[in-house]
Amino acid sequence: MSDISKKPRGIGAPDRSFLARIASEVGNIGGWAIDFPSRTLHWSDEICVMLGYAPGHVPSLDDALSLYPAPDLALLQRLLDMSVDQAVPFEQELQIRRLDGRLLDVHCIGKPVLDNQGRVARLEGAFQDITGRRRAEREKSRLARRLTTVFESFTDAFCMLDPDWRFVFINGEASRLLQRRPEDLLGKLVWDEYPMIRGSRVEQEYRQAVRNGAPAHFEHLDPALGSWLEVHAYPSDEGLAVYFRDITRRKRNQAALEEMNRALRQARDEADSANRAKSEFLSRMSHELRTPLNAVLGFAQLLESDLTGSDEPERQEFVGHILHAGQHLLTMIDEILDLARIEAGEIRLREEPVASADIVTEVVRLTDTMARDHGVTVETDIPELPAMLFDRTRLLQVLTNLVSNAIKYGRSDGAWVRISARCDADNVWLVVTDNGQGIPDDRRDQLFQAFNRLGREISGIEGTGIGLTVTRRLVEAMGGSIGFESDAGRGSEFVVTFPCRRAGPVLDAWPATDQPVEPRPERCSVLYIEDEEVNRMLVSKTLQRDGIRLLEESRGEAGVLTARRARPTVVLIDYHLPDMTGLQVAEQLSRIPELADTPRIAITADTTERTRDELRQSGLFDDVLHKPVRPQTLRQTVHAFLVSAKEY
C-alpha cells in the first residue's frame with residue numbers, strides 16, 4: 001500500500017453537511033472520508049453507531065484499518081492504493097469488526113476527489129450494513145446445498161421446472177436417465193429440449209397438474225429413451241417438481257409374470273381338462289367293466305341258490321367256478337380302477353369315528369371263506385381302543401388286502417394270520433402278522449411296485465401285483481405309513497401307522513347284508529329303469545322270489561311316465577341311461593307330488609369319487625347300490641324300504 005501521507009495536499013476538511021449528503025446518496029447509511037494531508041479519517045454519525053461507537057467518534061486511520069480482518073484488510077489496502085494511484089473509484093463487500101467484537105458485513109464504496117492540479121486530495125465513500133442480507137444469503141446457500149445433497153441422495157430422478165417451464169435443477173439420477181448433462185439443460189425450456197413430449201400425455205399431465213394445483217401420477221413410455229418411466233409431478237408457486245424412475249425392468253417382469261400366469265392358467269385348464277377326461281374315462285370304464293359282471297355274478301349267485309341242496313354236484317361245481325372267476329375278475333377291475341383313481345387324484349376321504357374292533361371283525365368276516373378254503377386260521381388281538389377318525393371304507397380295504405395276501409401266501413399246514421392293534425398318545429398301529437412264505441431279501445425293494453408279483457406269476461396263486469401298491473397309496477392318503485419285516489420261509493409282519501386322532505362315539509354299526517328275506521304276497525311293485533336288458537332280467541328273477549312285481553323301462557323319460565301312471569312302491573334307477581342321467585330322473589320324480597316320498601335307489605357301475613359325491617350330495621336318493629349287486633343284498637335293501645312303506 002502506498003504511503004498516503006505523501007499524497008498531494010491543498011483541500012480543507014469536509015464539513016458534516018457533506019458527509020450527511022454522501023450518506024443520503026447511498027441510502028442514508030453512513031459516510032466516510034480520508035484527508036491525505038492530515039491522514040485524517042472522518043466517519044459520519046451513522047457509521048459510528050453502526051460500529052458501536054458514540055456519534056462524533058473520530059478514529060485514526062490506523063485504528064480504523066485495524067478493525068478489518070487480515071484478508072479483508074489486505075484487499076482494502078489494494079483498493080485504496082488503486083484508487084489513489086489511478087484516480088478510479090472502487091466498490092467491495094467487506095467485513096469489519098464492531099467495538100463489541102462482532103463482525104459486520106458491509107458494502108463499501110469509495111471515489112477519489114481531485115485538487116486543482118488534478119491530483120487525488122481525498123477519498124470519499126460510504127458503508128452500507130448488509131449483515132442481514134449476507135446472513136440470509138448464506139442461509140439460503142446452506143439450504144440450497146442441503147437440498148442439493150438431499151435431491152442427489154434420491155434413488156429417483158428429480159428435476160425442477162420454474163413457472164416458465166425452464167429447468168432450474170436436475171439431480172444426478174435425472175441426468176443419467178435423460179442422458180444429458182445438467183449444465184446443458186439448466187435455464188432451457190423443457191419443450192425445446194424434449195419436443196417429442198409436446199402434445200403427449202406428459203404435457204397434458206404436467207399442464208393439468210399446474211392448472212389444478214394437484215399432483216399427477218402416471219406411467220409413460222419414453223420413445224427417445226426406449227424406457228418406461230413412472231412419473232410423479234407436484235406443482236407449487238415455484239413451478240413443478242418432477243420425480244421419475246425407470247420401471248422398464250418392472251414392466252418387463254410384469255409382462256413376463258402375466259405371460260407366466262397366462263401359461264399357468266392354460267396349463268391348469270389343460271390339466272383340469274385332462275383330469276375331467278380321466279374322470280370320464282374312469283367312470284366309463286367302471287360302468288363298462290362292472291355292468292357285465294353284474295349279470296355274470298348275479299345269475300351265478302341265483303343258480304347257486306337254486307342248486308343248494310340239489311343232487312347235481314357237477315353243476316354246483318361249474319357255478320362255483322363261475323363265481324370264483326367272476327369275483328377274481330371283479331377284484332382285478334377294482335384294484336386297477338383304484339390305482340387309476342389315485343393317480344388321477346380322484347380319491348377323496350370321508351372321515352368318521354371307527355372302532356378298531358368293529359373294523360377288524362368285518363375284515364375277519366370278509367376273509368372267512370378264503371381263510372377256510374386255504375386252511376388258514378385268522379386270529380385277532382384287539383384291546384379296548386378308543387374310536388379313531390378314519391375313512392372306514394378305505395381302512396377296511398387296506399386291512400382286507402393285507403389279510404388276503406397273508407392268507408393266499410400262507411404255508412400249506414398250520415398257517416395262521418394274526419390281526420393286532422395298539423396305540424399311544426401319538427400313534428395307532430394296525431399289525432398283520434403271518435407265518436407264511438415270507439419275502440425274499442432280494443425282492444423286498446420291489447414289494448410296492450405296481451404289477452410286480454415278485455416272481456410268483458407261475459405259482460398258481462391268483463393276483464394282479466397292484467394290491468399292495470394301492471394299499472400303500474391309500475395309507476399315505478390317510479396320513480399314515482406302512483412298513484414291513486419279513487423272513488423268507490418264516491413269515492411277514494406288516495405294520496400300518498396312523499397319527500392318533502381320537503373321535504367321538506361310533507354311531508353307525510356295520511350293515512349286515514346276509515339276513516334271509518321271507519317271501520311276501522304279490523302286493524308290491526318296484527319300477528326298475530335300466531337300459532341293459534340282462535340287468536333288468538337279473539333284477540326281475542331276484543325279486544320274483546319274494547313275490548314282488550317288477551315294472552321295467554329302458555329310458556329315463558319313459559320311466560318317469562310309468563312312475564306317474566303306476567305309482568310304484570320303490571324305484572330303482574340306473575345312473576347311466578341313454579337319454580338322461582339317473583340324477584335327472586330322480587329330480588323329475590321328486591317334483592311329482594304323489595311320488596315325492598317314493599323311495600329311490602340308485603344302482604350304478606360307476607364307482608368314481610365324483611359319481612359317489614354327486615349321488616350323496618344330491619339328496620335325491622335314499623340308498624345307492626354299486627354293481628355288481630349281490631341278489632341277496634338287493635332283496636334285503638328293497639325289503640327294508642317296502643317294510644318302511646308298510647307295503648308288506
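The values are calculated or read from the model by the stated rules, or taken from the named source; none is laboratory data. Predicted model only: the values in this text are computed from it and were never measured. As a convention, Cβ positions derive from the backbone with ideal geometry for all residues, glycine included, and neighbour counts pool all protein chains shown. Ligands, DNA and RNA are stripped out before the accessible areas are found, and what is left, the full protein with its side chains, is counted by its heavy atoms. Shrake-Rupley method; radii C 1.70, N 1.55, O 1.52, S 1.80 Å.
Highest average first, the peptides 347-354, 597-604 ordered by how many other beta carbon atoms sit within 10 Å of their residues are 597-604, 347-354.
When you count, for each residue, the other Cβ atoms within 10 Å and take the mean per peptide, how do 233-243, 578-588 rank with the highest first? Spell out each step's value before the answer.
Working: 233-243: 16.5, 578-588: 18.3.
Per-residue mean Cβ counts within 10 Å order the peptides as 578-588, 233-243.
The length gained on full extension between Ser141 and Leu323, counted as 0.36 nm times the residue separation minus their Cα-Cα distance, comes to 55.0 nm. By accessible area, using a 1.4 Å probe on protein heavy atoms only, the stretch 552-648 has 44% of its surface on carbon and sulfur. Measuring between their Cα centroids, the stretch 524-590 and the stretch 140-193 lie 87 Å from each other.
If a spin label sat at a point 7 angstrom from the Cα of Asp100 along the line to its beta carbon, the backbone N atoms of the stretch 43-61 nearer than 20 Å would be those of 45-57.
If you plug the beta carbon distance of Glu152 and Val49 into 1/(1 + (r/R0)^6) with R0 = 41 Å, you get a FRET efficiency near 0.35.
For Asn171, what is the net charge nearby, where nearby means another residue's Cβ is under 11 Å from its Cβ and Lys, Arg count +1, Asp, Glu -1? Can you show the working numbers first?
On the way: positive: Arg176; negative: Glu152, Asp156, Glu173.
Taking every Cβ under 11 Å from that of Asn171, the sum is -2.
Counted over the stretch 518-648 with a bin width of 10 Å, the fraction of Cα pairs per bin, in whole percents, is 13, 49, 34, 4.
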